[in-house]
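The structure appears below as structure tokens.
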Amino acid sequence: MKFIVVLHTDDGQQYGVTVPDLPGCFSTGKGLDEALQSVREAIDFHVETLIEDGMDIPATSTLNAHQANPDYANGVWALVDVPVEKYLGPADKINITVPRMVLRRIDEYAKRHGQSRSGFMVEAAKAAMHA
């Protein structure tokens, strides 16, 4: 799963990292590489705790929405991939019927956004259920 993060620094050495879509999830690190690795670990632990407590992973917002938040002004934005799916249980294979034109549009959209068909459909379903 991909998470948008924002990094801040006062001295160009030590970075604080916030995960806007996971309230209360943050980390620090010396340098960008260490800060990004540290936030991956923080996200993993945060999501594991949410799932253990019977909560859902919060719905994600867009980068534009986060950038409009004045709390994140002058931040450096990054996208980190953290394999939190392991906490959601095993995947089930399903058979669904989708009109060919719709399926073609799904595939094109997913490809443009670096997703698989299944990944897109899961994210679309989650977004619809949180609406």
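The values are calculated or read from the model by the stated rules, or taken from the named source; none is laboratory data. Remember, it's a predicted structure, so these values are computed and weren't measured experimentally. Backbone-built Cβ (ideal geometry, glycine too); neighbour counts: all protein chains shown.
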* Output the residues belonging to region 12-61 that are in contact with a His (Cβ under 6 Å, 6 or more places away or on another chain) and closer than 14 Å to Val82 by Cβ. => Leu22, Cys25
* Among the residues of region 58-86, how many are surrounded by 13 or more Cβ atoms within 10 Å (Cβ to Cβ), part of a helix (DSSP H, G or I) and in contact with a Ser or Thr (Cβ under 9 Å, 6 or more places away or on another chain)? -> 1
* So which residues in region 94-112 are outside any helix (DSSP H, G or I) and within 18 Å of Glu123 (Cβ to Cβ)? -> Ile94, Ile96, Val98
* Name every residue in region 38-57 that is surrounded by 15 or more Cβ atoms within 10 Å (Cβ to Cβ) and either over 16 Å from Gln13 (Cβ atoms) or without any contact (Cβ under 8 Å) to a residue 12 or more places away in the chain (or both), in order of residue number. => Val39, Arg40, Ala42, Ile43, Asp44, His46, Val47, Leu50, Ile51, Ile57
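Can you find a residue in region 28-36 that is crowded, with 17+ Cβ neighbours inside 10 Å, closer than 23 Å to Glu123 by Cβ and not hydrophobic (A, V, I, L, M, F, W, C)?
Taking region 28-36 first, the residues crowded, with 17+ Cβ neighbours inside 10 Å are 29, 35-36.
After this cut, where a residue has to be closer than 23 Å to Glu123 by Cβ as well, the list is 36.
Restricting the remaining residues to those that are not hydrophobic (A, V, I, L, M, F, W, C) gives none.
No, the conditions are met nowhere in region 28-36.
Looking at Arg105, is it at negative phi, out of contact with any helix residue (DSSP H, G or I) (no Cβ under 6 Å at 6 or more places or on another chain), modelled with pLDDT of 90 or more and assigned by TED's automatic domain parsing to the domain that holds Lys126?
Considered against the rule, which asks whether it is at negative phi, out of contact with any helix residue (DSSP H, G or I) (no Cβ under 6 Å at 6 or more places or on another chain), modelled with pLDDT of 90 or more and assigned by TED's automatic domain parsing to the domain that holds Lys126, Arg105 comes out as yes.
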* To do: For region 12-28, indicate whether the set of residues that are without any contact (Cβ under 8 Å) to a residue 24 or more places away in the chain, assigned to a loop (DSSP other than H, G, I, E, B) and either at positive phi or not assigned by TED's automatic domain parsing to the domain that holds Val80 (or both) is non-empty.
  => yes
